[in-house]
Amino acid sequence: MTVITKKGEIADAYVRADTLETAFEADGIPLIPASLVDEYVVAKPGTDFGLSVPGSMPIEDLVPYLAQASLIAIEFPGFSDGRGFSLARRVKREGFAGRLRASGPLIADQFTDALQCGFDEVELPETMTNRQPVQQWMEAKDTITDFYQSGYGEGLSILEKRRAARKGARP
Amino acid sequence: MYRYDEFDERFVRERVAQFRGQVERRLEGSLTEDEFKPLRLKNGLYLQLHAYMLRIAVPYGTLNSRQLRQLAHIAETYDKGYGHFTTRQNLQFNWPKLKDVPDILDLLADVEMHCIQTSGNCIRNVTADQFAGVAKDEVEDPRPTAELLRQWSSLHPEFVWLPRKFKIAVTGAEHDRAAIKVHDIGLKLKRNAAGEVGYEVIVGGGLGRTPMIGKVVRDFLPKEELLAYLEAIMRVYNSEGRRDNKYKARVKILVHETGEEEFRARVEEEYAKLDGPTINAPEEEVERIAAYFAPPAYEDLAEDSATLDGARASDPALDRFVEQNGFAHKQPGYIALTIALKEIGAVPGDMSADQMRAFADIAEKYSFDEFRVTHSQNLVLPHVKKDDLPAVYAALKEAGLASANAGLITDIIACPGLDYCALATAKSIPIAQDIAKTFADPDRQKAIGDLPIKISGCINACGHHHVGAIGILGLEKGGRENYQITIGGDATEHAALGERLGPGIDAGDVPGAIEAVVETYLAEKQGSESFIETVRRTGAEPFKAGFTAFIEARAAAQSEAAE
């Protein structure tokens, strides 16, 4: 697995765990599936963990864990399944302050979409990074300078920039 | 019309560069064919039966002469010298080569055009009333809304990987010429009791293999809340729309399976959680866009033109053209003209490069340098001075563009069908040509009156057959092309889906069957009823009887011939 942020590849501090036992013994912060989270929280109250959920998960089911998990990984079953983008928006809207990860076979061409929707990083299978190395992801995110949609990403949208330019132009 | 500013210009240029890079990454293996396919589709590039097809966006169907001349140049340089106007007010080139596509995109960007989201599972080109800014029954011009939506939907970070394609149409008039009830989202500009302008929001209409009429999700949405409300609808659809079966993935199925009430509740719940002011367009921006669509500099004229009246009195062909293809303009002394790309025997919607250049000259000289594409695969000159009409008609005639059959039985919508399309199960263009030839006599067409025929070459219904007053659906049955006939379909504010008349028939029997349907109409017709009005009053029964009698007579003739 390779983890890429907008600044480049980073070391993954999280270790995927499919059972409680492997979660307890993880060499790093355990990244656990939704099916284990209730048991894990009872067994290890107050410890750091990441939570991995499918893009189809209703936000209501996720809200109880947002204050506890330091990372939410939203799983993309395929690159063309866009549900994870909407779930990311809802997670951010709920005030989630941890790291938000898109996990699955995304393509570099979606990197900007992911960042704009609130993801901090993308976790890719090796088969993807073999074909689309980190360099392609860095180039892809800078291909389009400005976007029309307000309320996405960090900067001003084109619509907001036009308004700002007009205000600045006024005496 | 709208003009790009520095942001629009750079955006489209960067999109071209992005696509060029995507083609390169496909060729050197970074992208698999499965990954490249949706990327090329989102830029309008299809792989058809014989070649690639490039679909160019004509936002809400509005073009100017410079753009049309560029399209003529592209048609001659990179295609076979013609283009094809589609039922989504777009233009398709049927024979481009993959290696040329980035260059074509650059040429389009030179004239403020693009192919962004003319295909793929994303928000498609937004369509609007072709008589926007012209019609007398207009509450407000729909084009500023459509342009705002063009910008908002372009490379939307959240909604480019939807379950399925998504089509939005806008009208500002009472009479619906934009077919808003058969779109994924239909918007109608209206006034509330307090006189404020807003939208009626309709969701979940559509044609295809499961045709449905859309449901009103919001009776009145204040105008400034549009983008946030659409974001709520799109988020509900993106999250909950089916992804297990592409034939059940459109929003109409979600609305149907969820139930109208529950769907509305989910949209409103999502909407209540949104921070509207951070999403909606700034008021200055809405005003900035609207200013581009201010009425052109009309002259102060009398409603009637002695020049035109005189010319009509002496030239019956001109008189018929104005009567059939003219549309009343809100500005005294002006008229809008439909240019039917439906010469008898021609391919519906096709236009040659020479015709494009001739038409560009006409639009530039006589219609404030602007024209429209209609979803009936025709063009419109929106603002012609009545005094100029004789000259315009002469110029159109010379270019082979003066067909006086707008709205008549020979003004047929047809999808590309088996002649081009990889999905088609039957031919549709030759069927349209055969019907047009059968009814070629202008007097006969006039006696029949308004009768829109719509032909699709497969159940995906690109020819909108469900909403044709007469609809024809071509299927494949036992290795033969087989055609089902429906009647009573309507895409206007009286939206209705057509009803089948009986079993499918052979291609060769279609013109005769249409004649039988028309004979029934002429026999049943009361007063000045149009075809669709008669069908609405009588129901389908008399037409079924006429159709059945035709089939029986054909069968009898065939068995006699066999003996």
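Computed values, structure above
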item: Among the residues listed as A:G28, A:G46, A:G55, A:G82, the single one being open to solvent by less than 50 Å² (accessible area, probe 1.4 Å) and at positive phi; result: A:G28
item: Counted residues, segment B:271-303 - those being open to solvent by 50 Å² or more (accessible area, probe 1.4 Å), facing another protein chain (nearest Cβ under 9 Å) and in a loop (DSSP other than H, G, I, E, B); result: 1
item: Residue list for segment A:85-102, restricted to those being of a type in the set (G, A, S) and open to solvent by 10 Å² or more (accessible area, probe 1.4 Å); result: A:G95, A:A97, A:G98
item: Hits in segment B:19-53 - residues which are under 17 Å from A:L106 (Cα atoms) and open to solvent by 30 Å² or more (accessible area, probe 1.4 Å); result: B:R25, B:R26, B:G29, B:T32, B:E33, B:D34, B:K37
item: One residue from B:I344, B:I362, B:I335 being buried (at least 18 other Cβ atoms within 10 Å of the Cβ), within 30 Å of B:D490 (Cα to Cα) and among the hydrophobic types (A, V, I, L, M, F, W, C); result: B:I335
item: Residue ID - farthest from B:I116 (Cα to Cα), chosen from residues in segment A:128-142 that are open to solvent by less than 40 Å² (accessible area, probe 1.4 Å) and at the interface with another protein chain (Cβ under 10 Å from one of its Cβ atoms); result: A:M128
item: Given (1) under 23 Å from B:E533 (Cβ atoms); (2) free of Cβ contacts under 8 Å to residues at least 60 places away in the same chain, number of the condition B:G479 does not satisfy; result: (1)
item: Single residue of B:I202, B:I116 found to be buried (at least 23 other Cβ atoms within 10 Å of the Cβ), under 21 Å from B:M1 (Cα atoms) and touching a helix residue (DSSP H, G or I) at 6+ places or on another chain (Cβ under 8 Å); result: B:I116
item: Selection status of B:G310, modelled with pLDDT under 95, surrounded by fewer than 24 Cβ atoms within 10 Å (Cβ to Cβ) and farther than 22 Å from B:L68 by Cβ; result: no
item: Any hit, segment B:425-433, residues being touching a Leu at 6+ places or on another chain (Cβ under 9 Å), open to solvent by 40 Å² or more (accessible area, probe 1.4 Å), free of Cβ contacts under 8 Å to residues at least 60 places away in the same chain and assigned to a loop (DSSP other than H, G, I, E, B); result: yes
item: Residues being within 11 Å of another protein chain (Cβ to nearest Cβ), farther than 30 Å from B:A272 by Cβ and within 11 Å of the chain's Cα centre (by Cα) - total across segment A:78-127; result: 1
item: Tally of residues being open to solvent by less than 10 Å² (accessible area, probe 1.4 Å) and more than 15 Å from B:G172 (Cβ to Cβ) across segment B:218-240; result: 12
item: Members of segment A:162-171 that are facing chain B (nearest Cβ under 7 Å) and either touching a His at 6+ places or on another chain (Cβ under 8 Å) or surrounded by fewer than 17 Cβ atoms within 10 Å (Cβ to Cβ) (or both); result: A:R166
item: Options B:E493, B:E515, B:E563; residue that is over 30 Å from B:K190 (Cβ atoms), of a type in the set (D, E, K, R) and in contact (Cβ under 8 Å) with a residue 24 or more places away in the chain; result: B:E515
item: Helices (runs of 4 or more DSSP H) contained entirely in segment B:1-105, each with at least 1 residues that are away from every other protein chain (no Cβ under 14 Å) and within 22 Å of B:T127 (Cβ to Cβ); result: B:65-78
item: Segment B:244-270, residues that are touching a residue at least 24 places away in the same chain (Cβ under 8 Å), open to solvent by 70 Å² or more (accessible area, probe 1.4 Å) and within 13 Å of another protein chain (Cβ to nearest Cβ); result: B:K246, B:R266
item: Looking only at segment B:391-424, and only at residues there that are of a type in the set (D, E) and open to solvent by 30 Å² or more (accessible area, probe 1.4 Å), the one that is nearest to B:G449 (Cα to Cα); result: B:E398
item: Residue identified as open to solvent by 20 Å² or more (accessible area, probe 1.4 Å), within 14 Å of chain A (Cβ to nearest Cβ) and touching a residue at least 40 places away in the same chain (Cβ under 8 Å) among B:P211, B:P144; result: B:P144
item: Elements of type helices (runs of 4 or more DSSP H) contained in segment A:56-167, each with 2 or more residues being closer than 22 Å to A:I4 by Cα and among the hydroxyl-bearing types (S, T, Y); result: A:126-131
item: Residue in segment B:124-139 that is within 14 Å of chain A (Cβ to nearest Cβ) and surrounded by fewer than 24 Cβ atoms within 10 Å (Cβ to Cβ) present; result: no
item: Output for segment B:181-199, where each listed residue is buried (at least 21 other Cβ atoms within 10 Å of the Cβ) and charged (D, E, K, R); result: B:K181, B:D184, B:K188
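The values are calculated or read from the model by the stated rules, or taken from the named source; none is laboratory data. Since this is a predicted model, take the numbers as computed values, not measurements. All Cβ positions, even for glycine, are placed from backbone atoms using ideal geometry, and neighbour counts span all protein chains on display. Note: accessible area is taken over every heavy atom of the protein model, side chains too, but ligands, DNA and RNA are not part of it. Shrake-Rupley method; radii C 1.70, N 1.55, O 1.52, S 1.80 Å.
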